[in-house]
Ligand code: CIZ
Ligand code: SF4
């Protein structure tokens, strides 16, 4: 077998040449290949996806495909999920291995295990706490949830998943995103006083035993660096300029931004809601810039205006890593019978992680 083609040569190619290579390779690989594209991907990559969606939709599509190769234009945890739900029977590829998620990195197995152990000094977590991990997390955290009666959620199904969790145990430990946890729990009627923030840099999460006993939900102190750029003053300014306008935000935004918004939901929900609006509607949208720009261009001919929430550029820099050069490189290698950047979750992690993912997929169906 010949050696794999090197990325260095591809990094020097202009976008239009990569584009031509991607199109040609897709033709050659035909049904052996499926390209999945997350909503936050840049246009030059997004346009080559066979299927686009949020992480929930893409993980369901991955589970169903019979293609031999799944090239995941998204971030690392999404490719891991695709490998887990396909039971390792497909070859899952992440075009740039540096495409991680800064929020996912805020929780790791050692810290979560430490938290569980510290909680057990005050309560009995295996009896009283359901661990819920946002899909934006490493596979070993999903495995932790699988082993402790827990579950995975996405921003599309967080409420249904929390309801499932409370149906089993009285408390939830939610990681890594405090905002998704807080915003969802609040909408379910859990008051802020019954939410405790676990600061993983401090012993006992910085909480008193009393606070832990009182809490209905313990929120890991993680956040998305992209969504933390949106602020209440952006919404106030928009409302002054467009009193009839509508504000829609992602639940990774902080509590105040979500409280001030008319609608809060996942990327799929944002797309669905804005697409269903009438001509003449003005929208302010608080989520990643690539998605908002595409939605803006799509809705302009329908007389619907879409405005990005921040005056600054808030792009997910890790989603941005997947460029046409890396996509062309992975596809040209597949044409040459070489697999580069395969994501493979070890069996010992994949099996319990799958248990937590399957619980989620059952809740959604
Ligand atoms: O779940 C996803 O795909 C993410 C990261 C955002 C969303 O709401 O779709
Ligand atoms: Fe992670 Fe935020 Fe990027 Fe989503 S937008 S992949 S949560 S860093």
Any idea how far apart residue 342 and residue 194 come out in nm if each label point goes 7 Å out from Cα toward Cβ?
4.8
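Order of 343, 123 from fewest to most other C-beta atoms within 10 Å?
Working: 343 21, 123 16.
Placing the least packed residue first, the sequence is 123, 343.
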Computed over the Cα atoms of the range 99-183, the Rg and Dmax in Å are 12.1, 38
Find the all-direction average of the projected area of the Cα convex hull for the range 50-100, expressing the result in square nanometres with one decimal place.
3.1
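Could you please rank 80, 241, placing first whichever residue has the fewest other Cβ atoms within 10 Å of its Cβ? Write out the running numbers ahead of the final one.
Values: 80 26, 241 11.
Ascending Cβ contact count within 10 Å gives the list 241, 80.
Order of 65-71, 230-236, 103-109 by packing, highest average Cβ count within 10 Å first?
Top of the packing list down: 103-109, 65-71, 230-236.
Name the shape class, rounded, prolate or oblate, that the alpha-carbon gyration tensor gives for the chain, where a ≥ b ≥ c are the square roots of its eigenvalues, rounded holds for a/c under 1.5, and otherwise prolate holds if a/b is larger than b/c and oblate otherwise. Present the calculation step by step, with values, prior to reporting the outcome.
Details: a/c = 2.07, a/b = 1.21, b/c = 1.71.
Taking the square roots of the gyration eigenvalues as a ≥ b ≥ c, the chain is oblate.
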Please rank 9, 169, fewest neighbouring Cβ atoms within 10 Å first, as an exposure proxy.
9, 169
In nanometres, what is the gap between the two model label sites at residue 312 and residue 351, each 7 Å from Cα along Cα-to-Cβ?
4.7
Determine which residues of the range 158-176 fall in the zone a paramagnetic label at residue 120 would reach in this model, i.e. backbone nitrogen under 17 Å from the point 7 Å along Cα→Cβ.
173
Using a Förster distance of 35 Å, how high is the FRET efficiency between residue 278 and residue 240, based on the Cβ-Cβ distance and rounded to 0.05?
0.95
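What ranking do 129-140, 257-268 get when scored by the average of other Cβ atoms within 10 Å per residue, highest first? Don't skip to the answer; put the middle values down first.
Working: 129-140: 26.2, 257-268: 19.9.
My ranking of the peptides, most packed first, is 129-140, 257-268.
Full extension from residue 300 to residue 187: what is 0.36 nm times the residue separation minus their Cα-Cα distance, to one decimal in nm?
Values: separation 113, 0.36 × 113 = 40.68 nm, distance 3.21 nm.
So the extension gain works out to 37.5 nm.
Set the Förster distance to 51 Å, then compute FRET efficiency between residue 20 and residue 208 from the Cβ-Cβ distance, nearest 0.05.
On the way: r = 62 Å, r/R0 = 1.22.
The formula returns an efficiency of 0.25 here.
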Pairwise label distance in nanometres, residue 12 with residue 168, each label 7 Å out on the Cα-Cβ vector
5.4
Where both residues lie in the chain, what percent of DSSP beta bridges are antiparallel, nearest 5?
5
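Here, each number is a calculation from the coordinates, and none is a lab measurement. Computed from a prediction, not measured in an experiment: that's the story for all the values here. Counting neighbours? That spans all protein chains shown, and the Cβs are built from the backbone with ideal geometry, glycine included.
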